[in-house]
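Remarks on the structure that follows.
The values are calculated or read from the model by the stated rules, or taken from the named source; none is laboratory data. Just so it is clear, the structure is predicted and the values come from calculations on it, not from any experiment. Virtual Cβ from ideal backbone geometry, glycine too; neighbours counted across all protein chains shown.
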Amino acid sequence: MTDSAEEFGAPQEAPEPQDISPGVAEGQDRASESAAEPEGFVPEGEAGGDGAEEPLAAKSSGAAVLDAKVAELQELVDERTADLQRLSAEYQNYKKRVDRDRALSRQGGIEVVVLDLLPVLDSVEAAREHDELTGGFKLVAEELEKITAKYGLEAYGEVGEEFDPQLHEALMQMPFEGGAVSVPTISAVMQRGVKLNDRVLRPARVGVANPE
């Protein structure tokens, strides 16, 4: 009887509460809070997405640094561009100066050769006036005149032309066979003048008829 009374009638003792560790308690509290929060709720101070939201002040500071860097690079590009433009202008001036000096040097060399040939050309002209320019000598003379003309040599001074003191040298005054003249006129040519590319190498030596 005693065993039956203990089995059915006697009250059983309640189990003693078990100790819960702080970590487990914190996890239970978080689970409770998550269940209480609606879906999509973002707690204050936390950013949605993958990471924390960058403060506005940090964004402004980064943009200012970037703008300063861009301005610095642009200033460097402008300096290098100005340097290239200056070098290009200096090269163009140098090239023009070299080309001009080369042309002057070439012209000077041609002038020296032509001056040495003037006595030969005078002899050719004298032979032509006396009808002595014949045969092989004539061919050589004509070839020589072609070459000198190629380099800009030009003989001038003809009877009847107006006298120009910058081109002609008056040796004497003598009447013009064609009649009266209204301006000083060349009446005789003692020696023709020579120009090289419009530069007078030797003035024409002439007789001049003045108007009455």
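Consider residue 144 carefully, then state whether it is among the aliphatic types (A, V, I, L, M), within 55 Å of the chain's Cα centre (by Cα) and outside the structural domain of residue 113 (by TED's automatic domain parsing). Considered against the rule, which asks whether it is among the aliphatic types (A, V, I, L, M), within 55 Å of the chain's Cα centre (by Cα) and outside the structural domain of residue 113 (by TED's automatic domain parsing), residue 144 comes out as no. Among the residues of segment 72-86, are any of a type in the set (Ser, Thr, Tyr) and under 30 Å from residue 151 (Cα atoms)? The answer is no, given that none of the residues of segment 72-86 is of a type in the set (Ser, Thr, Tyr) and under 30 Å from residue 151 (Cα atoms).
Scanning segment 89-96 finds one or more residues that are within 30 Å of residue 195 (Cβ to Cβ) and either assigned to a helix (DSSP H, G or I) or at pLDDT 85 or above (or both).
Across segment 99-121, the number of residues qualifying as more than 14 Å from residue 154 (Cα to Cα) and over 25 Å from the mean Cα position of the chain (by Cα) comes to 11. Looking only at residues in segment 189-205 that are farther than 13 Å from residue 159 by Cβ and β-branched (Val, Ile, Thr), the one that is farthest from the chain's Cα centre (by Cα) is 194.
Of the strands (runs of 3 or more DSSP E) entirely within segment 114-212, none holds at least 1 residues that are touching a Ser or Thr at 6+ places or on another chain (Cβ under 8 Å), surrounded by fewer than 12 Cβ atoms within 10 Å (Cβ to Cβ) and acidic (Asp, Glu).
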